[in-house]
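The values are calculated or read from the model by the stated rules, or taken from the named source; none is laboratory data. All figures in this text were calculated on a predicted structure; none of them were measured in a lab. Note that each Cβ is placed from the backbone with ideal geometry, even for glycine, and that neighbours are counted across all protein chains shown. These area figures cover heavy atoms from the full protein model, side chains too; ligands, DNA and RNA do not enter into them. Shrake-Rupley method; radii C 1.70, N 1.55, O 1.52, S 1.80 Å.
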Amino acid sequence: MFRLAVLGALITVCLGASPRVLRRHFDGRIVGGTPTDISNYPYQVSMQVLESHYCGGSIISNNWVLTAGHCVDGVPAGVVSYRAGSSFHNSGGSLHPAAEITSNPNFDYFTLDYDVAVAKVSVPFEYSDVIQPIAMTTADPPAGIAVIVTGWGRLTEGGQVPVQLQQVQINIVDFDECNNIYMEDYGGITKRMICAGVPEGGKGVCNGDSGGPLVANGNVVGIVSWGASCDAKGFPQVYGDVAALRSWVTSVTDVQ
């Protein structure tokens with residue numbers, strides 16, 4: 001099974017980055033979901049690179065965004081902004097330029113371990129019914145619990161790209177089960193990762209959702225990271241584990 005990098009097409013063209021072969025990033029699509037309004041998920045933002053949707057992210061304070069390390073790898077802050085308060089990634093809401101972007105120093109682009117980053121915006125978020133922060137979890141959610149993941153992008157692999165925010169409900173998968181599934185072809189997962197999906201597949205994230213929030217009980221528990229496929233049948237999808245990565249986020253942002 002190939003580790004196919006799908007993040008970076010825009011950066012490769014516009015910024016001259018070299019494509020790499022590795023675990024498959026999920027850079028902006030929800031599969032098997034339904035359209036939703038930003039008022040249901042007011043913490044969701046679209047990471048814009050050169051004014052085009054590139055990744056997702058979560059508002060965690062009035063001037064900080066939580067996202068994935070691979071979303072910002074090699075991307076200068078000067079070309080990044082975050083659209084908040086809009087159900088549509090290409091219009092509405094408010095734009096917040098990135099003032100600084102910091103990735104976890106242990107982030108590994110090829111294994112996607114420590115796949116977390118934060119961005120400070122130069123124009124603070126003004127809270128409203130469509131712009132709100134979300135709290136970071138302090139403990140991993142139990143296996144089997146229902147979780148919600150949101151984002152923009154294709155409805156199926158290689159299919160239509162909607163502009164309206166999508167949502168889908170899936171379930172947390174036991175760590176050891178997920179680790180065993182990924183062991184043979186991918187070397188397993190690390191303690192900085194959690195998994196979610198449905199056994200029958202057909203629901204989850206895909207290219208373009210990277211950096212977006214996986215949410216349980218009103219807290220962000222995961223950051224969209226990587227997986228074997230968009231369909232997710234037989235392979236749960238992998239998220240950065242917020243409980244394991246939270247202390248680093250707090251050390252940089254002072255957000256508890």
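Test residue 184 against the criterion of being in contact with a Lys or Arg (Cβ under 8 Å, 6 or more places away or on another chain) and of a type in the set (Asp, Glu), and give yes or no. Show your work before the answer.
Numbers: in contact with a Lys or Arg (Cβ under 8 Å, 6 or more places away or on another chain): no; of a type in the set (Asp, Glu): yes.
Considered against the rule, which asks whether it is in contact with a Lys or Arg (Cβ under 8 Å, 6 or more places away or on another chain) and of a type in the set (Asp, Glu), residue 184 comes out as no.
Output yes when any residue across segment 181-195 is closer than 16 Å to residue 146 by Cα and assigned to a loop (DSSP other than H, G, I, E, B), and no when none is. Don't jump to the end; show me each part of the working.
Step one: list which residues in segment 181-195 are closer than 16 Å to residue 146 by Cα, which gives 194-195.
Those still in the list that are assigned to a loop (DSSP other than H, G, I, E, B) too: none.
No: segment 181-195 contains no residue that is closer than 16 Å to residue 146 by Cα and assigned to a loop (DSSP other than H, G, I, E, B).
Quick one: how many residues across segment 65-91 are open to solvent by less than 20 Å² (accessible area, probe 1.4 Å) and either under 21 Å from residue 244 (Cα atoms) or without any contact (Cβ under 8 Å) to a residue 24 or more places away in the chain (or both)?
8
Looking for whichever is closer than 25 Å to residue 228 by Cβ and in a loop (DSSP other than H, G, I, E, B) here; the options are 56, 74. Which one fits? Quick ask: steps written out before the conclusion?
Numbers: 56 fails: in a loop (DSSP other than H, G, I, E, B).
Exactly one residue qualifies, and that residue is 74.
Would you tally the residues in segment 26-53 being part of a strand (DSSP E or B) and either of a type outside the set (Ser, Thr, Tyr) or open to solvent by 10 Å² or more (accessible area, probe 1.4 Å) (or both)? Even if it seems obvious, please write down each step before you answer.
Let us first name the residues in segment 26-53 that are part of a strand (DSSP E or B), namely 27-31, 34-35, 44-49, 52-53.
From what is left, the residues that are either of a type outside the set (Ser, Thr, Tyr) or open to solvent by 10 Å² or more (accessible area, probe 1.4 Å) (or both) are 27-31, 34-35, 44-45, 47-49, 52-53.
Residues in segment 26-53 being part of a strand (DSSP E or B) and either of a type outside the set (Ser, Thr, Tyr) or open to solvent by 10 Å² or more (accessible area, probe 1.4 Å) (or both): 14 in total.
Looking at 202, 211, can you tell me which residue is at positive phi, part of a loop (DSSP other than H, G, I, E, B) and in contact with a helix residue (DSSP H, G or I) (Cβ under 8 Å, 6 or more places away or on another chain)?
Values: 202 fails: in contact with a helix residue (DSSP H, G or I) (Cβ under 8 Å, 6 or more places away or on another chain).
Answer to the selection: 211.
Scan segment 175-187 and tell me whether some residue there is surrounded by 15 or more Cβ atoms within 10 Å (Cβ to Cβ) and touching a helix residue (DSSP H, G or I) at 6+ places or on another chain (Cβ under 9 Å).
The first filter runs over segment 175-187 and keeps only residues surrounded by 15 or more Cβ atoms within 10 Å (Cβ to Cβ), leaving 175, 178-179, 181-182, 186.
From what is left, the residues that are touching a helix residue (DSSP H, G or I) at 6+ places or on another chain (Cβ under 9 Å) are none.
Checked against the condition, which is being surrounded by 15 or more Cβ atoms within 10 Å (Cβ to Cβ) and touching a helix residue (DSSP H, G or I) at 6+ places or on another chain (Cβ under 9 Å), segment 175-187 yields no hits at all.
Please pick out the residue among 221, 252, 238 that is outside any loop (DSSP other than H, G, I, E, B), open to solvent by 10 Å² or more (accessible area, probe 1.4 Å), modelled with pLDDT of 95 or more and under 27 Å from residue 120 (Cα atoms).
Details: 221 fails: open to solvent by 10 Å² or more (accessible area, probe 1.4 Å); 238 fails: open to solvent by 10 Å² or more (accessible area, probe 1.4 Å).
From the options 221, 252, 238, the qualifying one is 252.
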